[in-house]
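Colleague: Sharing a structure, written as structure tokens. Questions coming.
The values are calculated or read from the model by the stated rules, or taken from the named source; none is laboratory data. As the structure is a prediction and not an experimental result, all values here were calculated from the model. Reconstructed Cβ throughout: ideal geometry from the backbone, glycine too, with neighbour counts over all protein chains shown. Ligands, DNA and RNA are stripped out before the accessible areas are found, and what is left, the full protein with its side chains, is counted by its heavy atoms. Shrake-Rupley method; radii C 1.70, N 1.55, O 1.52, S 1.80 Å.
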Amino acid sequence: MHDYDGISKAPAHMRLAALALVASTALLALMPMSQAVEADRGVAPRDELSSQIAKLVDSSGPLIVEDAVLDRAALGRAYRWRNYEPAWIAHPEAAIALLNSLTASAKDGIDPAGHGAGLVATALADPALSPAARDVLLTDRFIRYASALAQGQIDPASTESDWVLARPAFDPAPALDRVAAGGDVNAIFEVLAPHRAEYVRLRIALARYTQIAAAGGWPSIPVNAASDPSQAKVILPALRQRLVIEGDLPPGQATGGSMDPALVAAIRHFQSRHGLDLDGRLGPAMLAALNVSAIDRVEQLRLALERMRAMPHEWPAARVAVNIPSATLVLFRDDKPALTSRVVVGDPKHPTPVLGSAIQSILFNPSWNVPSSIVRNEFQPRLARDPGYLQRNHFLLLGHGEGESRDVDWTQTDILANGWRVQQQPGPWNALGIVMFDFPSPFAVYLHDTPARSFFARAFRGLSHGCVRVEAANALAGELLGPSGSPEAIRKIVAGAASQRYALAMPMPVYLTYITAFVDSDGTVQFRDDLYGRDKRLAAALSAIDATELPQIALNLSQR
């Protein structure tokens, strides 16, 4: 008998360890289970079992087994596909493999409790549970975990209104058939998770940071170290230890009382991994990143894995990918980076949406049709203070005479109420710069150039109204246009001043994604801030899943 009181309040890494112990304890009691299951088969012939399963699955109202509410709709689809044949009765070793897989689900950042590791352990060791109910419960947990690997636990569109990147489709019925045919359960699960190198590297990082958190994490650094020089010297030992733990500073440099070159290099390395200014100093942003706990970093990695499962598992070998939190763009050819550029993304009030589309054309010397929200919220109040703003910045009023606005009394005139539109003329002053990459989007966002080049030098680049400004816009245009997009050809097009659109021979897939933790090909773990709070909302949704069964599991197992 074990004491499970307080498991649900324990830190995540401790809770996973405790639940793994629970499942392991139940597994020991399960060793003679195969004979018991075979005996059950003798008591209840297959056709009778199918009838019992059909009655359980097709009845109305909540479907409750071992005090857990099962997904009746998903079970109905799976069993009707199988004509209600049981999947697990003939394969007790598969049931044990399911328990083992659920217990090990933390390697993918999935909480074993939320997917029923303890519940399965209880059900398998419960002699009073009928074979039909046991089969249904195992199938329910199999479907839930298989779906989590194949398409994520949470549909991002359920927590985000501007997330339209397609979630992978998944039908669990064929996977369940492979179990019933005696297939390797662990192998079935393995093929469902993403196989891309980025996902594998994240799993390795999660294991490493979980170990760090379990060992106590790292020391915190006093926040006044940035403003108090004497304090900065005092905290150097803790700072060195902190940087050694994550690998920014070699272990041989763990001691020392001065800010020597090795320590400065380690600080810069840490700053690079967190998207901070590379100044080698203990500024406020650096201290804030240093004092994020190891447990919080484990959670961030866990969320990144969830994000990757809920996004396409396979990507086109040629594509343009923007990671919004890191404010970077990569053009891939043959699935390898061919061009990398810093970008500016939407500010927290104007988030860049998450989507997948395809660049169909490139517009040189674009005009900018100002969105009505910007006209209403920014231009209209400004014009009341500065009537000459439109003329100075090359804006026209479309629908108002010849497009001039110098004769308008802006204290008495509303642009939108008059049915007018505002358009900025092409030129080096244009907010879209000299090139725009056009693709279908329900949010009217684009990739484009910008005259505000200084923004690219900033570490924090969440500064736009939602569109993505590309530092290497000319180079990207040249890559997409191929031979006709040489630097000289682009210079001639731009020099012509007139707007010119060039359709791409083959549309280029483009993805705007949101991942706050990722691992470079050399194993460097990168973290970025949760710019729009998307991780926070995802974590809340996952917590709701993780907490559903824990109290009842603890109660059942503590009474055994």
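Colleague: Out of (1) modelled with pLDDT under 95; (2) more than 20 Å from residue 465 (Cβ to Cβ), what's the single condition that is false for residue 364?
Modeller: (1)
Colleague: Here's something else I'd like to know. Looking at 416, 390, 383, 396 in this structure, which one is surrounded by 12 or more Cβ atoms within 10 Å (Cβ to Cβ), aliphatic (A, V, I, L, M) and touching a strand residue (DSSP E or B) at 6+ places or on another chain (Cβ under 6 Å)?
Modeller: It is 396.
Colleague: Name the residues in segment 49-69 that are within 18 Å of residue 81 (Cβ to Cβ) and in contact with a strand residue (DSSP E or B) (Cβ under 8 Å, 6 or more places away or on another chain), would you?
Modeller: 56, 57, 63 - these are the residues of segment 49-69 that are within 18 Å of residue 81 (Cβ to Cβ) and in contact with a strand residue (DSSP E or B) (Cβ under 8 Å, 6 or more places away or on another chain).
Colleague: Can you tell me which residues in segment 355-364 are closer than 15 Å to residue 315 by Cα and open to solvent by less than 20 Å² (accessible area, probe 1.4 Å)?
Modeller: Correct list: 355 only.
Colleague: Of the numbered conditions (1) modelled with pLDDT of 90 or more; (2) open to solvent by 30 Å² or more (accessible area, probe 1.4 Å); (3) not in a helix (DSSP H, G or I), residue 217 fails exactly one; give the number of that condition.
Modeller: Here residue 217 meets the rest and fails (2).
Colleague: Which residue out of 123, 148 is open to solvent by less than 10 Å² (accessible area, probe 1.4 Å), modelled with pLDDT under 95 and assigned to a helix (DSSP H, G or I)?
Modeller: Going through 123, 148 in turn, the sole match is 123.
Colleague: Looking only at segment 59-70, count how many residues are open to solvent by 80 Å² or more (accessible area, probe 1.4 Å) and either of a type in the set (D, E, K, R) or outside any strand (DSSP E or B) (or both).
Modeller: Summing the residues that are open to solvent by 80 Å² or more (accessible area, probe 1.4 Å) and either of a type in the set (D, E, K, R) or outside any strand (DSSP E or B) (or both) in segment 59-70 gives 3.
Colleague: Being over 22 Å from residue 218 (Cβ atoms), at pLDDT 95 or above and of a type outside the set (D, E, K, R) narrows it down to one residue among 320, 298; which is it?
Modeller: The match here is 320.
Colleague: Within segment 441-451, can you find the residues that are out of contact with any Gly (no Cβ under 9 Å at 6 or more places or on another chain) and at pLDDT 95 or above?
Modeller: Residue satisfying the conditions is 447 alone.
Colleague: Residue 173 - would you say it is surrounded by fewer than 20 Cβ atoms within 10 Å (Cβ to Cβ), part of a helix (DSSP H, G or I) and touching a residue at least 12 places away in the same chain (Cβ under 8 Å)?
Modeller: Spelling it out, residue 173 is indeed surrounded by fewer than 20 Cβ atoms within 10 Å (Cβ to Cβ), part of a helix (DSSP H, G or I) and touching a residue at least 12 places away in the same chain (Cβ under 8 Å).
Colleague: When segment 76-90 is examined, which residues are found to be crowded, with 20+ Cβ neighbours inside 10 Å, farther than 19 Å from residue 116 by Cα and in contact (Cβ under 8 Å) with a residue 60 or more places away in the chain?
Modeller: Of everything in segment 76-90, those that are crowded, with 20+ Cβ neighbours inside 10 Å, farther than 19 Å from residue 116 by Cα and in contact (Cβ under 8 Å) with a residue 60 or more places away in the chain turn out to be 79, 86.
Colleague: Right, residue 117: touching a Lys or Arg at 6+ places or on another chain (Cβ under 8 Å), buried (at least 24 other Cβ atoms within 10 Å of the Cβ) and more than 25 Å from residue 51 (Cα to Cα) or not?
Modeller: no
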